[in-house]
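Shown next, in structure tokens, is the structure this report addresses.
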Amino acid sequence: MRRCDLRFIEAGHCRHPEAATLIGGSWRSAVFPALAGLFRHEGEGPVLFDTGYDPAFFAATRPFPQRLYRWLTPPTIPAGATAAAQLAGLGLAAGDIRWIVVSHFHADHIAGLHAFPQARILCSRHGLDRARRGSDWTALRGGVLRALIPSDIDDRLVFFEDRPRRALDPAFLPFEEGADLFGDAALLAVELPGHCPGHWGLVARGADDRRHFLAADAAWSSRAIRENRPPPRLTTALLGHTSPYRATLAQLHRLSRNAPDVTITPSHCAERASQIRARSPVQAASS
């Protein structure tokens with residue numbers, strides 16, 4: 001695998017009970033950060049993995065029934081905490097972002113897409129098709145706010161399903177193959193079924209040679225992966241499908257046991273966010 005410098009950006013957070021994300025978890029309100037990944041690809045330039053929260057989320061949830069999304073998972077976006085705003089501290093502007101890899105179309109992963117109008121978008125065809133299907137109520141039930149999908153997205157798309165398949169480094173077993181996004185094995189998208197239709201993660205090797213697996217919402221925490229503890233059936237059935245979700249989590253659990261040198265980053269893991277902050281007061285390179 002070719003190496004890419006990787007940094008993480010924490011773009012806001014939401015709060016809800018841990019028990020909604022982990023069988024047997026606490027019913028007290030917990031913080032769930034929204035992590036985005038920034039890769040510097042040698043040929044393609046800066047590449048974002050998701051965008052986290054953005055004030056566009058509040059505009060999209062102003063009308064009813066979309067407002068229910070904000071009530072159920074109230075987000076906080078501190079001043080200057082959007083992905084676009086934080087790029088300046090990393091020596092970049094929003095216009096420098098060449099590509100955005102969308103793990104899935106839930107609002108806390110795509111709210112910032114509007115801030116990168118020049119970026120091309122890599123995503124799942126199946127995921128986008130399902131996000132567009134049915135009524136607004138259907139979309140909302142699935143965690144999708146259609147107002148956050150750029151109106152010109154069809155002119156900017158490249159689908160995971162159309163990229164060539166490549167065998168993964170054996171270190172990532174039991175995951176065996178990914179979609180080679182740029183044809184050089186630097187960034188490989190890996191399908192992670194269960195959380196919602198068209199849900200994918202990303203495998204990469206950092207500039208320091210560390211292997212990374214950005215797992216999006218295949219788990220809400222590193223603890224869930226270590227202990228193989230999925231969310232309650234009610235949570236997984238509401239957004240996606242319970243059986244494939246639990247099968248994917250079991251694979252991540254196996255990976256974590258067999259290859260502890262692989263850094264797995266769930267998008268909303270407070271533990272990983274704390275580790276990233278500890279490495280740098282701004283953001284951590286190859287955290």
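The values are calculated or read from the model by the stated rules, or taken from the named source; none is laboratory data. Computed from a predicted model, the values in this text were never measured in an experiment. All Cβ positions, even for glycine, are placed from backbone atoms using ideal geometry, and neighbour counts span all protein chains on display.
Checked against (1) over 18 Å from the mean Cα position of the chain (by Cα); (2) within 26 Å of V262 (Cβ to Cβ); (3) in a loop (DSSP other than H, G, I, E, B), R62 passes all but a single condition, namely (2).
Please specify each residue of the stretch 68-87 satisfying the condition of being in a helix (DSSP H, G or I), crowded, with 20+ Cβ neighbours inside 10 Å and among the aliphatic types (A, V, I, L, M). Before the answer, list the steps.
Residues of the stretch 68-87 that are in a helix (DSSP H, G or I), as a first pass: 68-72, 83-87.
Retained after the next criterion (residues that are crowded, with 20+ Cβ neighbours inside 10 Å): 69, 83-84, 86-87.
Result: A83, A84, L87.
The sole residue among A219, A215, A259 that is modelled with pLDDT of 95 or more, surrounded by fewer than 22 Cβ atoms within 10 Å (Cβ to Cβ) and closer than 19 Å to L173 by Cβ is A259. From the list I225, I276, I264, which residue is within 28 Å of V144 (Cβ to Cβ) and at pLDDT below 95? Only one candidate passes the filter, namely I276.
The residues on offer are D180, D169, D162, and the sole one that is under 25 Å from F213 (Cα atoms), in contact (Cβ under 8 Å) with a residue 60 or more places away in the chain and not small (G, A, S) is D169.
Residue pairs whose Cβ atoms lie under 8 Å apart, sitting 6 or more positions apart in sequence or on different chains, and linking a residue in the stretch 2-23 that is more than 24 Å from A83 (Cβ to Cβ) to a partner that is in a strand (DSSP E or B) and among the hydrophobic types (A, V, I, L, M, F, W, C), are P17/A30; E18/A30. Being surrounded by 16 or more Cβ atoms within 10 Å (Cβ to Cβ) and of a type outside the set (G, A, S) holds for only one residue in R163, R125, and it is R163. The set of residues from the stretch 245-265 being in contact with a helix residue (DSSP H, G or I) (Cβ under 9 Å, 6 or more places away or on another chain), closer than 18 Å to H195 by Cβ and assigned to a helix (DSSP H, G or I) comprises Y245, R246, L249, L252, H253, L255, S256. Filtered by the rule that a residue be under 30 Å from A185 (Cβ atoms) and part of a strand (DSSP E or B), the stretch 21-43 gives P33, A34, L35, A36, G37, L38, F39, R40, H41.
Screening the candidates F58, F105 for the property of being in contact (Cβ under 8 Å) with a residue 60 or more places away in the chain and either surrounded by 15 or more Cβ atoms within 10 Å (Cβ to Cβ) or not small (G, A, S) (or both) yields one hit, F105.
Before we move on, is P46 surrounded by fewer than 12 Cβ atoms within 10 Å (Cβ to Cβ), free of Cβ contacts under 8 Å to residues at least 60 places away in the same chain and outside any helix (DSSP H, G or I)? Answer is no for this residue.
Take the conditions (1) of a type outside the set (F, W, Y); (2) at pLDDT below 95; (3) part of a strand (DSSP E or B); (4) out of contact with any helix residue (DSSP H, G or I) (no Cβ under 9 Å at 6 or more places or on another chain); H16 misses just one of them, which is (4).
When S243 is tested against (1) under 30 Å from R141 (Cβ atoms); (2) touching a residue at least 60 places away in the same chain (Cβ under 8 Å); (3) of a type in the set (G, A, S), exactly one condition is not met: (2).
What strands (runs of 3 or more DSSP E) lie completely within the stretch 132-233 and have 1 or more residues being within 19 Å of the chain's Cα centre (by Cα)?
157-159, 177-180, 187-191, 200-206, 211-216
For first residues located in the stretch 248-264 and farther than 21 Å from L6 by Cα, partners that are among the β-branched types (V, I, T) and lie 6+ apart or on another chain with Cβ distances below 9 Å form the pairs L249/I225; H253/I225.
So for the stretch 90-100 (the condition being under 21 Å from R146 (Cβ atoms) and either assigned to a loop (DSSP other than H, G, I, E, B) or touching a residue at least 24 places away in the same chain (Cβ under 8 Å) (or both)), does at least one residue qualify? Yes, because at least one residue in the stretch 90-100 is under 21 Å from R146 (Cβ atoms) and either assigned to a loop (DSSP other than H, G, I, E, B) or touching a residue at least 24 places away in the same chain (Cβ under 8 Å) (or both).
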